[in-house]
Amino acid sequence: MSDLNFDYALLIPEFILVGTAILIIMADLFRKELGLGRLVLPAIAALGTIAAGAASLAYIDDVDDFANVIAIDNYTTFFRVLFTVVLLVVVVSGYEYVERNIRHTGEFYALLLLSTVGAIYMAGARELLTAYISIELLSFSLYVAVSLAKTNPRSAEAGLKYVLLGGVASAMLLYGMSLIYGTAGSTQYSEIAAAFSGGTSEYGFALLLGLVLLIAGLGFKASAVPFHMWTPDAYEGAPLPITAYLSATSKAATFALLLRIFAGPLLPVIDQWQWMMATIAVMTMVGGNLIALQQTNIKRLLAYSSIGQVGYMLMAITTISDASASALLVHVAGYLITNLAVFSAVIAFHNRTGKEELDDFAGLAETNPYLAMVLTAGMFSLAGMPLLAGFVTKFILFQAAASGGYLWLATVAVIASTISLYYYLQVIRRMYLLEPARGESGRWRLSPAGYIATGTLTAGVFLVGIYAGPLFTVADRAARVLALS
Amino acid sequence: MLTLFLLLPLGGAAMLAVTPNERKEEARWIALVFSSLAFAVSAVIFVRFMLELNSDAGVEGYLFIDRFAWINARDAGFDVQYFLGVDGLSAPMVLLTGLLSLVAVLISWRIELRVREYFIWLLVLETAVAGVFMSLDLIQFFLFWELELLPMYMLISIWGSGRKEYSAMKFLLFTIAGSAFMLLAFLVLGLSADSFDIEVLTANPPAETIVPLSLLFWGVMAAFLVKLPVFPVHTWLPDAHTDAPTAVSVLLAGVLLKMGGYGILRIALPVLPGEARDFRYVLAAIAAVSVVYGAVLTLRQTDLKRLVAYSSVSHMGYVLLGVATMGAVGMSGAALQMFTHGTITGLLFIMVGLVYDRTHTREIPEMSGLMHRMPVIGAVMLIAGLASLGLPALSGFVAEVTIFLGAIAEHPAATIAAVFGVVLAAGYILWAVERVFMGPPSDRWAHLDDATGWWERLAMGGMVLSIVAVGIFPRILTDAVESGIAPIAAIVGAA
């Protein structure tokens, strides 16, 4: 630690987020005394998020690695912007839901803000312990947030399940990290890479065990098969905005971390983990998409669909290269936009009807054609249909895998993605082909916030689908930081 | 020019999307105006192409090219372009798409259920199909190929009849299973050639890829053979046709099946010429089986629409037979057959639809002597039927004779089987017409009207005109088709 003159200004976005979180908790405490309206908390959260996002945009191309602990570079900035956008969307499209179904709204927003800080540092971490702490910051916020729904007894159950299994996963992760530290002699990514590139034959089993535990722990966080058991239950029990957040930020942050680790310190030992990654990717793609076929609840369906998507992303880690890293970033961004569009629509639907079974979507095309259109675009994008984001990003991802010499993996992915179309169609079929339930055939409208959120995101889905060039350029610049050949 | 053709139906769809639901009449007119404009553009494209072809310079490569980089990722090792162009192979198909889409709008005039949505999907379908015929980039081709699924699924499953949802899903699953293999093959091709550009790929067919070329060939063919369709992957077709609304049947038979044949000629043959030659006997065998098996099944149908649907399987067998010759004559015949089958079978489906609108049954045994009640429909049905069985002076004859001429030397056995298919065709067409239209008039059908709506007459008239015109003066088409086939035949011949 020779030089402590870091460029602290680079951390301003996170300061803003944390500051906003504290402000919200204070405002919530003195809500009655100050006579604050119910819109104040989400408004503060949204403003803080926008400020943080704007501040991160100011630091494009600025780099500081804070003595190899946290790197603020284009890669981190990419995810910073992504996560603040997700947070903004969740706040805007979810505030009505939160108002109605959440017991402690102040905590809700504060936890979301804090978990976003954790997510950003997961993307920026260049040191194992920092990475671990960031993961726990994200996870702990979410453990609480999952169980915040006051009306749903399943919420508490989901929270407990998530905590218990998450704790086990964290333990595995930490043990794995300690074994890697033991073999490499350092927790800093750069030094681990240096240690491993000198040859690893003498580490033998310890390194392998470390890798297995690391992958298992992170696989849990990413909900890869076979570590996915908590996902459907947590998704189903959690308040809808949290489900959206779980499927978006939580996943993307894990992949930001995975990519940083496996493209950096663990790249020299690629021979020892590549096959594990490939196996898990296949199991996740096939498992997630097959189990999704039998779901009857929209949250559980989306949970398994997101597991399937994780499988595609793991494929990019397996075939790690310059091309697949930027492809992964593109896909993550496209997936976030699409998934949030779907979830915003589901939240809007729930606000109106309070229901979330697939059969409740019957006849939506008649009662609210706009929302049916949004859901259709989102579902087809997730399935990878052309002119929508999912097609382009998946295509780039599969292309990267095939060119990385993993054509068989891309084949599995294409087949899995073909299967997925079937269950997405089940939702669309209900909306367009079935009659609405009796007594519910009247037209209804969304709230203005609902229109803004779903409209913007759907436009994004089409924009990325039709002209992905800019996104690709940005992702490419972010991925270049990883300096893969 | 080509982009304009793609954008017109989309513009119509967008305009319909903001039209109020109750305005059914306006919705119809919007759809009609935009599809007429698109047809006009396609006609201009075709005429200008023919003028260019007959000029002194002739046509080299593609015309009316619209091109720009779409997903530019040269660093990551690939580019996707927006690359449209037509040659002698695609220009007739574009014209066909314009014509049949207009006809489809006309014969949907009496749709009353969710009119606005119906026409939105119909117009999106037109764009998707036209995009397939114009795309010169593999990924763009695939994109339009997939885009067509969604409108088809909706059109069949909402506005269809009978087991509509089952049929729509079956159509979707068959197609998408085939196109999954196609996408993988495209990826491999693109990677080994470092380009998805069809022009580049045909100029330098890849000699070696990371998977055996024969596997690639069948991967690409999987999608095209399902779409065509041929035995044994044809089973989705009768279901989809029978349960689809009339206009969708017309488009399905008229242009969607052609995407399969077009894909084989545009991509499978010139990009993988060696493999295509190696497997030409397999293809010819599949073709012969399809022709005969399809015809025999057709004979056994009692549902008028199903009968026409099965006859498509038989007729598409001719296309594959023409392709399997790997020679210029046979392939030109295949391309001609695609156009003529599009108009003929399209017309047959229109007639079946008009009959059904009036009788509300498609069971042949229930009908009799309809000619007394609807002479116009009966006469047009007869013309379409005669064209379908290959009567000289109608367009079907030109195409089939060209195919047989090209195929007899290369595949004598398959050709003889296919000619036998023509005999069967005469049987099922004439027998069906006889049972439905001839015979004593029955009291049950005494109240029926003839085709009186202006839209019905316009649709029928346009189709009959195109059938007779091509039959009497085939040069309208053959010149174009030959100019398009020549380079492909040269590539395949050299392999």
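The values are calculated or read from the model by the stated rules, or taken from the named source; none is laboratory data. Predicted, not measured: the structure shown is a model, and the values here were computed from it. Please note: Cβ atoms are built from the backbone with ideal geometry, for glycine as well, and neighbour counts cover all protein chains shown. Keep in mind that these areas ignore ligands, DNA and RNA; they rest on the heavy atoms of the full protein, side chains included. Shrake-Rupley method; radii C 1.70, N 1.55, O 1.52, S 1.80 Å.
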Rounded to the nearest 10 Å², the 1.4 Å probe accessible area of residue A:280 is 20 Å²
When the C-alpha atoms of chain B are aligned to their principal axes, what extent does each axis show, in angstrom, from largest down?
72, 57, 48
Accessible area (Å², 1.4 Å probe, nearest 10) - residue B:280:
40 Å²
Cross-link partners of residue B:170 among lysines (Cα-Cα below 30 Å; sequence separation of 8 or more within a chain)
A:299, A:394, B:227, B:258, B:305
Hey, for a label at residue B:21 modelled as a point 7 Å past Cα toward Cβ, could you say which residues of the stretch B:100-143 have their backbone N under 16 Å away?
B:112-120
With equal scatterers on the alpha carbons only and no solvent term, can you work out the Debye log10 of I(q)/I(0) for the stretch A:167-220 at 0.15, 0.26 1/Å?
-0.38, -0.97
If you count only protein heavy atoms with a 1.4 Å probe, what accessible area per residue comes out for chain B, rounded to a whole Å²?
32 Å²
Based on a Kirkwood Rh over C-alpha pairs, give the Stokes-Einstein translational diffusion coefficient of the stretch B:279-495 at 4 °C and viscosity 1.567 mPa s in µm²/s.
73 µm²/s
Per residue Cα convex hull volume for the stretch B:100-224, in cubic angstrom?
100 Å³
Taking a point 7 angstrom from the Cα of residue B:423 along the C-beta vector, which residues in the stretch B:293-311 have backbone N less than 20 Å away?
B:293-301, B:311
When all C-alpha to C-alpha distances in the stretch B:367-479 are sorted into bins of 5 Å, what percent of pairs does each bin hold, rounded to whole numbers?
2, 11, 17, 16, 17, 15, 9, 6, 4, 2, 0
Mind jotting down the three principal axis lengths of the stretch A:131-194 based on Cα atoms? Whole angstrom, largest first.
53, 16, 11
What's the center-to-center distance, using Cα atoms, between the stretch A:76-134 and the stretch A:23-53 in Å?
16 Å
Note the buried accessible area between A and B here, summed over both chains, with a 1.4 Å probe, in Å² to the nearest 100.
3200 Å²
Rg/Rg_ref, the protein assembly as shown, where Rg_ref = 2.2 N^0.38 Å and atoms are Cα
1.01
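If I take every Cα pair under 8 Å that is 6 or more residues apart in chain A, average their sequence separation and divide by the length, what percent do I get for the relative contact order?
Details: 835 pairs, mean separation 73.0, N = 485.
Rounded, it is 15 percent for chain A.
Run the helix sum for the protein assembly as shown: -39,500 (n - 2.57) per DSSP H stretch of 4+ residues, divided by residue count, reported at 222 nm to the nearest 500 deg cm²/dmol.
Values: 43 runs with 717 residues, N = 980.
The per-residue figure over the protein assembly as shown is -24500 deg cm²/dmol.
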Mean shadow area of the stretch A:119-247, taken as a quarter of the surface of its Cα convex hull (nm²)
7.8 nm²
Taking the inverse of the average 1/r across all pairs of different Cα atoms in the stretch B:194-259, what Kirkwood radius in Å do you get?
14.2 Å
Based on Cα positions only, what radius of gyration and what Dmax would you give for the stretch A:266-485, in angstroms?
18.3, 63
Inverse of <1/r> over all distinct C-alpha pairs of the stretch A:412-485, i.e. the Kirkwood Rh in Å, gives 16.7 Å
Compactness relative to 2.2 N^0.38 Å, alpha carbon Rg of the stretch A:6-54:
1.30
Please report the spacing between the Cα centers of the stretch A:413-485 and the stretch A:236-306 in Å, no decimals.
18 Å
Under 17 Å from residue A:251, Cα to Cα: aspartates and glutamates that are on another chain or at least 8 residues apart:
A:136, A:233, A:236
For residue B:251 the rounded accessible area (nearest 10 Å², probe 1.4 Å, non-protein molecules ignored) is 10 Å²
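Suppose we look only past 16 Å in the calculated P(r) of the stretch A:395-447. What percent of the Cα-Cα pairs does that tail hold?
When all Cα pairs of the stretch A:395-447 are counted, 62 percent exceed 16 Å.
Beyond 35 Å, what share of the Cα-Cα pairs of chain A is found? Please give it as a whole percent. Could you put the intermediate results ahead of the total?
Numbers: 31886 of 117370 pairs.
Within chain A, distances greater than 35 Å cover 27 percent of Cα pairs.
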Please compute the Kirkwood hydrodynamic radius of the stretch B:292-338 from all pairs of different C-alpha atoms, in Å with one decimal.
11.1 Å
Distance (nanometres) between label positions extended 7 Å along Cα→Cβ at residue A:156 and residue A:60
4.9 nm
Sorting B:293, A:423 on solvent-accessible surface, 1.4 Å probe, most exposed first, gives B:293, A:423
Rounded percent of accessible protein surface that carbon and sulfur make up, the stretch A:266-485, 1.4 Å probe
61 percent
Need the C-alpha centroid separation for the stretch B:169-247 versus the stretch B:1-45, integer Å.
30 Å
The stretch A:266-485: relative contact order from alpha carbon pairs under 8 Å, six or more residues apart, as a whole percent, is 29 percent
Just want to confirm a number: the relative contact order over chain B, from Cα pairs under 8 angstrom separated by 6+ residues, in percent.
16 percent
What number do you get for the stretch A:86-153 when its Cα radius of gyration is normalised by 2.2 N^0.38 Å, N = residues?
1.22
